[in-house]
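> One structure, as C-alpha cells, below. Some questions next.
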Amino acid sequence: MISPELPQRTADMAAKQKLTFPILWDEQSRVAEAFGLAFTLPDDLKTVYLGFGNDLALRNGDPSWRLPVPARFVIDAGGIVRSVQADPDYTYRPEPETTLDALRKVVGA
C-alpha cells in the first residue's frame, strides 16, 4: 500500500486494523503524480475537510492538499502492470475478488 499520509499516522492505523503488509509513504504524492493519479483539492473541499478536523497539510506533512485517486495495481515480478483499477469516486472500491483474480493470473494459480 502507498499513502500520502505521514508514516506515523499510517503506522497507527495499521496497528489498529492489524494490517500485516507494508505501507509506503508517498511523500508529496510523487508516486501518485508519476501514475497520473494525483489531484489537488479545490478550496471549497479544503473548507469541508477542515470542518471535519481533517487537515491534509498536517496529516500528509505537505501543504499542497494533494491526494491520490484510489487505485489498485497488480504488477508482475518483471515489473509489468497486469491489472489497474482506479476511480476518482473514493466511495467506490472494486470487489477484493477482482484483485485476487488478477493476482491468480499473474502467479498462474
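The values are calculated or read from the model by the stated rules, or taken from the named source; none is laboratory data. Since this is a predicted model, take the numbers as computed values, not measurements. Cβ placement follows ideal geometry from the backbone for every residue including glycine, while neighbour counts extend to all protein chains displayed.
> Among LEU67, LEU56, which is at pLDDT below 95 and under 20 Å from ARG9 (Cβ atoms)?
After applying the criteria, what remains is LEU67.
Here is a yes/no grid of residues against (1) outside any loop (DSSP other than H, G, I, E, B); (2) modelled with pLDDT under 95; (3) in contact with an Asp or Glu (Cβ under 6 Å, 6 or more places away or on another chain); (4) assigned by TED's automatic domain parsing to the domain that holds SER3:
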{"position": "ASP44", "(1), (2), (3), (4)": "yes, no, no, yes"}
{"position": "PRO63", "(1), (2), (3), (4)": "no, no, no, yes"}
{"position": "GLY78", "(1), (2), (3), (4)": "no, yes, no, no"}
{"position": "GLN85", "(1), (2), (3), (4)": "yes, yes, no, no"}
{"position": "TYR92", "(1), (2), (3), (4)": "no, yes, no, no"}
{"position": "GLU97", "(1), (2), (3), (4)": "yes, yes, no, no"}
{"position": "ALA102", "(1), (2), (3), (4)": "yes, yes, no, no"}
{"position": "VAL106", "(1), (2), (3), (4)": "yes, yes, yes, no"}
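> How many residues, within the range 19-60, are aromatic (Phe, Trp, Tyr), under 18 Å from TYR90 (Cβ atoms) and surrounded by 13 or more Cβ atoms within 10 Å (Cβ to Cβ)?
Adding up the residues that qualify gives 3.
> I've got another one for you. Looking at the range 1-18, which of the residues that are of a type in the set (Gly, Ala, Ser) and surrounded by 15 or more Cβ atoms within 10 Å (Cβ to Cβ) is nearest to LEU67 (Cα to Cα)?
Among them, the one singled out is SER3.
> Please identify the pairs in which a residue from the range 36-59 that is farther than 27 Å from PHE73 by Cα has its Cβ atom under 8 Å from the Cβ atom of a residue that is not aromatic (Phe, Trp, Tyr), counting only partners at least 6 apart or on another chain.
Partner pairs satisfying both residue conditions: LYS46/LEU56; TYR49/LEU41; TYR49/ASP55; TYR49/LEU56.
> What single numbered condition from (1) at pLDDT below 95; (2) at negative phi fails to hold for GLY36?
Looking at each condition in turn, GLY36 falls short on (2).
> Scan ARG82, ARG104 and give me the residue that is touching a strand residue (DSSP E or B) at 6+ places or on another chain (Cβ under 6 Å) and farther than 21 Å from MET13 by Cβ.
ARG82
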